[in-house]
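Here the structure comes first, spelled out in C-alpha cells, and everything after it is commentary.
The values are calculated or read from the model by the stated rules, or taken from the named source; none is laboratory data. Here the structure is a predicted model, which means the values were calculated and not measured. Cβ atoms come from the backbone with ideal geometry, glycine included; neighbour counts cover every protein chain shown.
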Amino acid sequence: MRKFNLIFIVLISFSVSLFSQEKSGKLIILHTNDLHSNLTGFSPEIEYSPCVTGNDSTLAGFSRIAALIDIEKKKNPDNLLVLDAGDFLMGTFFHIYEADNGFQLQLMKKMGYDVVSLGNHEFDFGPGALTEIINANRGNGEIPLLTLANVEFDKKSKDDDSFENLYNNDVVKKYQIIKKDGLKIGVFGILGDDAKDVAPNVSPLKITNRIKTAKKIVKVLEKDEQVDFIICLSHSGIWKDKNGNWIGEDVDLAKKVKGIDVIISGHTHTTINDPIWIGEIPIVQTGSQGKNLGRFEINIVDGKINSAKYKLIPVNDDISGDCNIHKEIAGQIRIIDDRLLKPMGLGYYKPLAETDYDLVCDELGDLDSSNLGPLIADALHYYVNTESGESTDVAIIAAGVIRDKFRAGINGIQTVTDVFRVVSLGEGDDDIPGYPLAKV
C-alpha cells in the first residue's frame, strides 16, 4: 500500500511539474503602434538613408525596424513575438494605393510581424475598402495574423458583408493563438471608445463594449483555449492628467478585466519609457509613426510575470537598416511618383520648400504658440483666393487633422512627402488624396 501511494505521489508531482513547465518560459515581445504608413524615415525625408549610419537626423523607417527585428530574431529565434497595436495605415503617400497593389501588410510579414490589430484609421475609407486592402495584400504574399474582437456585423446591411467574410474565413479573428517556446499565448485586439468615436466610416459595423468583450475573450482564452499567457492589443490609449497621474481607457481596462497579462496600447500616440503597472498588469506604448520600437523581456512562471525588463529602442540613424526592405519600398515610391506626383508636376524627392527651424502644432499642448497651424490656415487662404477661382475671408484648419510637424533636419529642404505627412487624411472625389475644402 505504501509503495502504491509513493508511486501515486510521484506521478502527481511529475504531472504538476509538466503543467508548470508548459506555463513557464521567457518571452521577448517587440511591439509598435500607430505606424500610420510611415514606411520611410522622416524628416526631412530627402535626408533619409537607412543603409548608411551617422549621416542624418531622421527618425523611423521600416528598413530600420526590420533590421532590429532581425537582430532580435537571431538572438531569440524561438521565443520572439512581434506585435502591432493598430493604426498601421493612413499618414503618408504609401496608404493611397493599398487597395490596388497591397504592399504594407505583406511587407510587415516579411519584416517579422506575427500579429497586427486593427485601429480606427484602418476604417477611414469604410469596411469594404479595408477588405480590399487586406485581400490585395494577401494576393501578393503572406500577411501577419489580424485581430479585432469587439466588432459586430449588421444583419440588414450588405455594406459590411465582405469584411464579415474575412472573419468567416479566419483572415481576421477575434483572437489569435501563437505558440512560442512551449508557451501557448492568446492575443486579441480591442478598439477603444474614443477610437470608435473618431471612426465614423466604420458603419455599418458596430463596435461593441470593449470591457464586456475583453472579459468574454479572456474567459474563452482561459477556459476553452487554455492558453498560458494573454496579451491585449488595445487601440484605446493612456495619458497623464494635470497632476501627472496616468489615466485613460487602458488604465480602466487593466482595472476591470482580470486575466490579461500585458496590455500593448495604442491610439493616443503616448511615449511610455517604462511600463505602467496597474496591479500585476503592465501597460506599454511606443509613441507613434515607428519612431520607437518597444522591447519587453518577460520571464513567465506558472502563467504569471515573474520578472520583466523593458526598453524603448529609438529607431534612428544609429541603426543600419535592412537594405532589401528599403529596395522594396523604393519600388513603391516609383509607383507613387509615376501615378500621382509627376502628373501634377511634383516629384517624391523634388525640393519644394526650405526652413531652418521646426514648425509645430501640438494638438494636446500649447496651441497658442503654434507656428504651424496659422501657416496652414494662411496657405489655404492664399490658395483659395489666388488659385481656385473662389474667394474667402477666413480660412480655418482643425488642429486634429495636423498629423506631423516640419523638421529642419540638417539642410532644411522639404519635399511634397513632408508636406503631405502634415495633413495626410481624407479623400475627395477627384482621385487626389486629402480632405476636400469646404466653403461656408
Exercise for review: Kindly state which strands (runs of 3 or more DSSP E) lie completely within segment 130-211 and contain at least 3 residues that are not hydrophobic (A, V, I, L, M, F, W, C).
Suggested key: 176-180, 183-191
Exercise for review: For ALA149, work out the one condition from (1) farther than 25 Å from PHE103 by Cβ; (2) among the hydrophobic types (A, V, I, L, M, F, W, C); (3) surrounded by fewer than 20 Cβ atoms within 10 Å (Cβ to Cβ) it doesn't fulfil.
Suggested key: (3)
Practice item. Would you check if there is a residue in segment 397-420 being small (Gly, Ala, Ser), touching a Leu at 6+ places or on another chain (Cβ under 8 Å) and in a loop (DSSP other than H, G, I, E, B)? Key: no
Practice item. Kindly list the number of the only condition in (1) under 23 Å from GLY321 (Cα atoms); (2) surrounded by 19 or more Cβ atoms within 10 Å (Cβ to Cβ) that fails for SER117. Key: (1)
Exercise for review: Take GLU354 and decide whether it is under 25 Å from the mean Cα position of the chain (by Cα), surrounded by fewer than 18 Cβ atoms within 10 Å (Cβ to Cβ) and either within 30 Å of GLU427 (Cα to Cα) or touching a residue at least 40 places away in the same chain (Cβ under 8 Å) (or both).
Suggested key: no
**Study point:** Extreme residue, nearest to the chain's Cα centre (by Cα), among residues of segment 243-273 that are outside any loop (DSSP other than H, G, I, E, B) and among the small types (Gly, Ala, Ser)
**Key:** SER265
Revision key, fill the gap. The one condition SER391 fails out of (1) part of a loop (DSSP other than H, G, I, E, B); (2) closer than 25 Å to SER37 by Cα is (2)
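Is it true that ALA85 is modelled with pLDDT of 95 or more, of a type in the set (A, V, I, L, M) and more than 13 Å from the chain's Cα centre (by Cα)?
no
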Study note, to complete from the structure: Within segment 390-416, of all residues that are more than 18 Å from VAL360 (Cβ to Cβ) and not hydrophobic (A, V, I, L, M, F, W, C), the one nearest to the chain's Cα centre (by Cα) is THR415
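Of all the residues that make up segment 154-198, how many are closer than 26 Å to VAL257 by Cα and not aliphatic (A, V, I, L, M)? Steps first, answer last, please.
Applying the first criterion (closer than 26 Å to VAL257 by Cα) to segment 154-198 yields 167, 170, 172-180, 182-198.
Still in the running and not aliphatic (A, V, I, L, M): 167, 170, 173-176, 179-180, 182, 184, 186, 188-189, 192-194, 196-197.
Result for segment 154-198: 18.
Check GLY373, GLY321 and return the single one that is part of a helix (DSSP H, G or I), surrounded by 15 or more Cβ atoms within 10 Å (Cβ to Cβ) and either in contact with a Cys (Cβ under 7 Å, 6 or more places away or on another chain) or among the aromatic types (Phe, Trp, Tyr) (or both).
Working: GLY321 fails: part of a helix (DSSP H, G or I).
Criteria check complete, one pass: GLY373.
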**Study point:** Residue tally, condition touching a Pro at 6+ places or on another chain (Cβ under 9 Å) and more than 28 Å from VAL198 (Cβ to Cβ), over segment 380-413
**Key:** 6
Check your understanding: Which residues, taken from segment 27-69, are more than 13 Å from ILE333 (Cβ to Cβ), over 21 Å from the mean Cα position of the chain (by Cα) and surrounded by fewer than 24 Cβ atoms within 10 Å (Cβ to Cβ)?
Key -> GLU47, SER49, CYS51, VAL52, THR53, GLY54, ASN55, ASP56, SER57
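Checking the conditions here, which among ILE177, ILE133 is surrounded by 16 or more Cβ atoms within 10 Å (Cβ to Cβ), in contact (Cβ under 8 Å) with a residue 40 or more places away in the chain and of a type in the set (A, V, I, L, M)? Steps first, answer last, please.
On the way: ILE177 fails: surrounded by 16 or more Cβ atoms within 10 Å (Cβ to Cβ).
Exactly one of ILE177, ILE133 is surrounded by 16 or more Cβ atoms within 10 Å (Cβ to Cβ), in contact (Cβ under 8 Å) with a residue 40 or more places away in the chain and of a type in the set (A, V, I, L, M), namely ILE133.
Conditions tested, residue by residue: (1) under 27 Å from SER391 (Cα atoms); (2) at pLDDT 95 or above; (3) surrounded by 15 or more Cβ atoms within 10 Å (Cβ to Cβ).
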{"residue": "ARG403", "(1), (2), (3)": "yes, no, yes"}
{"residue": "ARG407", "(1), (2), (3)": "no, yes, yes"}
{"residue": "ILE413", "(1), (2), (3)": "no, yes, yes"}
{"residue": "GLY426", "(1), (2), (3)": "yes, no, no"}
{"residue": "ASP429", "(1), (2), (3)": "yes, no, no"}
{"residue": "LEU437", "(1), (2), (3)": "yes, no, no"}
{"residue": "VAL440", "(1), (2), (3)": "yes, no, no"}
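Can you tell me which residues in segment 331-351 are surrounded by 13 or more Cβ atoms within 10 Å (Cβ to Cβ) and of a type in the set (Gly, Ala, Ser)? I'd like the intermediate steps shown before the answer.
The initial filter retains those residues of segment 331-351 that are surrounded by 13 or more Cβ atoms within 10 Å (Cβ to Cβ), namely 332-333, 335-337, 339-342, 346-351.
Listed by number, the list holds a single entry, GLY347.
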Review point. Before we move on, is GLY347 modelled with pLDDT under 95 and either not acidic (Asp, Glu) or not in a helix (DSSP H, G or I) (or both)?
Key: no
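Looking only at segment 214-228, decide whether some residue is assigned to a strand (DSSP E or B) and touching a residue at least 60 places away in the same chain (Cβ under 8 Å).
No; the residues of segment 214-228 include none that is assigned to a strand (DSSP E or B) and touching a residue at least 60 places away in the same chain (Cβ under 8 Å).
Is it fair to say ASP358 is acidic (Asp, Glu), over 20 Å from THR417 (Cα atoms) and modelled with pLDDT of 95 or more? Let's see the steps before the verdict.
Working: acidic (Asp, Glu): yes; over 20 Å from THR417 (Cα atoms): no; modelled with pLDDT of 95 or more: yes.
Criteria not met by ASP358.
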Study note, to complete from the structure: All-but-one check, THR270 against (1) modelled with pLDDT of 95 or more; (2) outside the structural domain of ASP224 (by TED's automatic domain parsing), failing number (2)
Check your understanding: If you scan segment 418-440, which residues turn out to be closer than 18 Å to TYR357 by Cα and in contact (Cβ under 8 Å) with a residue 60 or more places away in the chain?
Key -> ASP418, VAL419, ARG421
